[in-house]
Amino acid sequence: MRFTAILTFFSLLFLTSVSFAQVGKSDILNPNMASENELAGLPGMTSELVDAIVSTRPFATNLELDATLGDALTDDQKAALRAELFLPMDLNSASREELQLMPGMTNRWMREFNEYRPYEDLAEFRREMSKYTDSEGVAELEQYVFVPMDLNSASDEDFMTIPGMTSRWLREFNEYAPYEDMAEFHREMGKYADEDEVGRLARYVYVGM
């Protein structure tokens, strides 16, 4: 009986921690973070394209990445590349054009993604999409998206889902809270990294009113 109670407690703890996640879990390479060697190993990638990606990033959207690739790859080659290299999309602001770049996107999923906007968190996305597919299907969709988190109310668990987040960045995020606006975030975080890195982090957060 005692063992069952302990097991139930840790199960609830695990489920609670999962619900904090705001950026979908994914093994897909992030174009803003992938190393040159990782990029070079992707389908259709050339040294020229690797140099173009590295010199242009951080990307704010996959449309920017697509523009950087230009005409060097065919549409089919780009589609194959996006299955392995994709920037998580903001569920609340990604345009129709960017959503269409997501691997596996269909008119039906486009409709469902948009129907529930704005999402409060990733748990809401999982809950709503589970009406139309199983847990594996939801996990597949989740790889490509995130829900922005409020700098003044998000938990440490929320922040730690940001790609490339470290305990050091978490400490700096918390040190300057509450933030008045995003300009303050850029100014304070700019003490520790260049604007490219701060901008890469900033796309996952906002300051609530």
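The values are calculated or read from the model by the stated rules, or taken from the named source; none is laboratory data. It should be emphasised that the depicted structure is a prediction, and the values quoted were computed from it without experimental measurement. Reconstructed Cβ throughout: ideal geometry from the backbone, glycine too, with neighbour counts over all protein chains shown.
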### Task
State all residues of segment 92-137 that are over 18 Å from the mean Cα position of the chain (by Cα) and of a type in the set (S, T, N, Q); if no residue qualifies, say none.
106, 107, 130, 133, 135
### Query
Is it the case that segment 24-39 has a residue that's of a type in the set (D, E, K, R), in a helix (DSSP H, G or I) and modelled with pLDDT under 50?
no
### Query
Which fully enclosed helices (runs of 4 or more DSSP H) of segment 151-209 have 2 or more residues being over 23 Å from residue 85 (Cβ atoms) and more than 18 Å from the chain's Cα centre (by Cα)?
167-175, 182-189
### Query
Within segment 37-66, can you find the residues that are exposed (fewer than 12 other Cβ atoms within 10 Å of the Cβ) and closer than 24 Å to residue 194 by Cα?
37, 55
### Query
Before we move on, is residue 94 assigned to a loop (DSSP other than H, G, I, E, B), at pLDDT 95 or above, of a type outside the set (Ser, Thr, Tyr) and within 25 Å of residue 205 (Cα to Cα)?
yes
## Note on the structure
Filtering segment 44-98 down to residues that are more than 20 Å from residue 143 (Cα to Cα) and touching a Lys or Arg at 6+ places or on another chain (Cβ under 9 Å) yields 44, 57, 68, 69
## Note on the structure
Filtering segment 114-161 down to residues that are free of Cβ contacts under 8 Å to residues at least 24 places away in the same chain and closer than 23 Å to residue 66 by Cβ yields 114
### Task
Taking only segment 153-174 into account, find how many residues are over 18 Å from residue 197 (Cβ atoms) and surrounded by 14 or more Cβ atoms within 10 Å (Cβ to Cβ).
3
### Residue list for segment 106-138, filter: assigned to a loop (DSSP other than H, G, I, E, B) and farther than 24 Å from residue 204 by Cβ
106, 131, 132, 133, 134
